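Colleague: Right, I'll just put the structure down here and ask away after.
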Amino acid sequence: KQEVTQIPAALSVPEGENLVLNCSFTDSAIYNLQWFRQDPGKGLTSLLLIQSSQREQTSGRLNASLDKSSGRSTLYIAASQPGDSATYLCAVSRGPGGSYIPTFGRGTSLIVHP
Amino acid sequence: NAGVTQTPKFQVLKTGQSMTLQCAQDMNHNSMYWYRQDPGMGLRLIYYSASEGTTDKGEVPNGYNVSRLNKREFSLRLESAAPSQTSVYFCASSEARSYYEQYFGPGTRLTVT
């Protein structure tokens, strides 16, 4: 059974720092990996999706990398801002054998203070 | 283009009452999902529907039923609510052409007393 772990569980940093959030998974036979952002009391917003054949994806100040062989992904946030404060979740999906259903990590709660 | 919508946003039930959570998507997605999110437990899949006319159990289906009414709508029913079903419920959808990227609704916060 796939297990997804996110470290650290919580992070508090001053504004302007570059951040790395980690996601690890136990089964490397994945179809894709997705990073989400969740604000308090809200739903999940998709940030980046990396297909299994890709090594990284970028969107603005966000860069996500994928190393399937080691079962790891990182989300890099450049020049953090208070508006980046949220919980960040990663999810990995298996292919047809797993019906493309994602397994979620429990998230990293990020606070960026001015 | 509203994406994924859910109703209601909040609900309080007494133990033993029933209710249906509604979900609709306007992205023409084939796959739809129901999750619950609990503190310390993360997101867990209750049921999913890979296409119109099909539904399958997820990790925590007990106490729930679902209906895929048409391609747009996927409802979750609690027949006899229990305090253990107090949670936040999320509906999501995805599609093969976008590599099954998941799109989530805003959630329903349910309290069972």
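Colleague: Return yes or no: is B:S75 modelled with pLDDT of 95 or more and open to solvent by 40 Å² or more (accessible area, probe 1.4 Å)?
Modeller: no
Colleague: A follow-up question, please. Among (1) surrounded by fewer than 19 Cβ atoms within 10 Å (Cβ to Cβ); (2) within 14 Å of chain A (Cβ to nearest Cβ), there is one condition B:N65 misses while meeting the rest; what is its number?
Modeller: Status for B:N65: all satisfied but (2).
Colleague: Where the second residue is among the charged types (D, E, K, R) and open to solvent by 80 Å² or more (accessible area, probe 1.4 Å) and the first is more than 25 Å from B:H29 (Cβ to Cβ) and lies in segment B:2-17, which pairs have Cβ atoms under 7 Å and are six or more apart or on separate chains?
Modeller: B:F10/B:R109
Colleague: What are the residues in segment B:36-64 that are farther than 21 Å from A:Q38 by Cβ and free of Cβ contacts under 8 Å to residues at least 24 places away in the same chain, if any?
Modeller: B:A50, B:S51, B:E52, B:G53, B:T54, B:T55, B:D56, B:K57, B:P61, B:N62, B:G63
Colleague: Grab the strands (runs of 3 or more DSSP E) fully contained in segment B:1-55, keeping just those with 3 or more residues being within 14 Å of chain A (Cβ to nearest Cβ) and β-branched (V, I, T). Explain how you work it out, then say what you get.
Modeller: Working: elements: B:4-7, B:10-13, B:19-25, B:31-38, B:42-49.
Per the criteria, B:4-7.
Colleague: Being touching a Ser or Thr at 6+ places or on another chain (Cβ under 6 Å) and without any contact (Cβ under 8 Å) to a residue 24 or more places away in the chain narrows it down to one residue among A:E56, A:E3, A:E17; which is it?
Modeller: Values: A:E3 fails: without any contact (Cβ under 8 Å) to a residue 24 or more places away in the chain; A:E17 fails: without any contact (Cβ under 8 Å) to a residue 24 or more places away in the chain.
Just a single option satisfies the conditions, and that option is A:E56.
Colleague: Out of A:A29, A:A79, which single residue is in contact with a helix residue (DSSP H, G or I) (Cβ under 9 Å, 6 or more places away or on another chain) and open to solvent by 30 Å² or more (accessible area, probe 1.4 Å)?
Modeller: Sole residue among the options that is in contact with a helix residue (DSSP H, G or I) (Cβ under 9 Å, 6 or more places away or on another chain) and open to solvent by 30 Å² or more (accessible area, probe 1.4 Å): A:A29.
A quick yes/no check of all residues on (1) among the basic types (K, R); (2) at the interface with chain A (Cβ under 8 Å from one of its Cβ atoms):
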{"position": "B:K71", "(1), (2)": "yes, no"}
{"position": "B:L76", "(1), (2)": "no, no"}
{"position": "B:A81", "(1), (2)": "no, no"}
{"position": "B:Q85", "(1), (2)": "no, no"}
{"position": "B:F90", "(1), (2)": "no, yes"}
{"position": "B:R97", "(1), (2)": "yes, no"}
{"position": "B:Y103", "(1), (2)": "no, yes"}
{"position": "B:G107", "(1), (2)": "no, yes"}
{"position": "B:T111", "(1), (2)": "no, no"}
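Colleague: Could you tell me which of the residues A:Y100, A:Y88 is touching a Ser or Thr at 6+ places or on another chain (Cβ under 8 Å), aromatic (F, W, Y) and assigned to a loop (DSSP other than H, G, I, E, B)? First the steps, then the outcome.
Modeller: On the way: A:Y88 fails: assigned to a loop (DSSP other than H, G, I, E, B).
After ruling out the rest, the residue left standing is A:Y100.
Colleague: Among the residues of segment A:61-71, is there at least one that is in contact with a Gly (Cβ under 7 Å, 6 or more places away or on another chain) and modelled with pLDDT of 95 or more?
Modeller: no
Colleague: Report whether or not A:L89 is buried (at least 20 other Cβ atoms within 10 Å of the Cβ) and either on the phi > 0 side of the Ramachandran plot or of a type outside the set (S, T, N, Q) (or both).
Modeller: yes
Colleague: Then there is this: So, A:R37, is that one among the basic types (K, R), assigned to a strand (DSSP E or B) and touching a Leu at 6+ places or on another chain (Cβ under 8 Å) or not? Give the derivation first.
Modeller: Values: among the basic types (K, R): yes; assigned to a strand (DSSP E or B): yes; touching a Leu at 6+ places or on another chain (Cβ under 8 Å): yes.
In short, yes.
Colleague: Here is a list of conditions, (1) at the interface with chain B (Cβ under 10 Å from one of its Cβ atoms); (2) crowded, with 18+ Cβ neighbours inside 10 Å; (3) not in a strand (DSSP E or B), and A:K42 meets all of them except one; can you say which number that is?
Modeller: Unmet condition: (2).
Colleague: Among the strands (runs of 3 or more DSSP E) contained in segment B:65-113, which hold 1 or more residues that are over 15 Å from the mean Cα position of the chain (by Cα) and in contact (Cβ under 8 Å) with a residue 12 or more places away in the chain?
Modeller: B:108-112
The values are calculated or read from the model by the stated rules, or taken from the named source; none is laboratory data. What you see is a predicted model, and the numbers here were worked out from it, not measured in a lab. Neighbour counts are summed over all protein chains in view; Cβ atoms, including those assigned to glycine, are modelled from backbone coordinates with ideal geometry. Please note that ligands, DNA and RNA were not included when accessible areas were found on the heavy atoms of the full protein model with its side chains. Shrake-Rupley method; radii C 1.70, N 1.55, O 1.52, S 1.80 Å.
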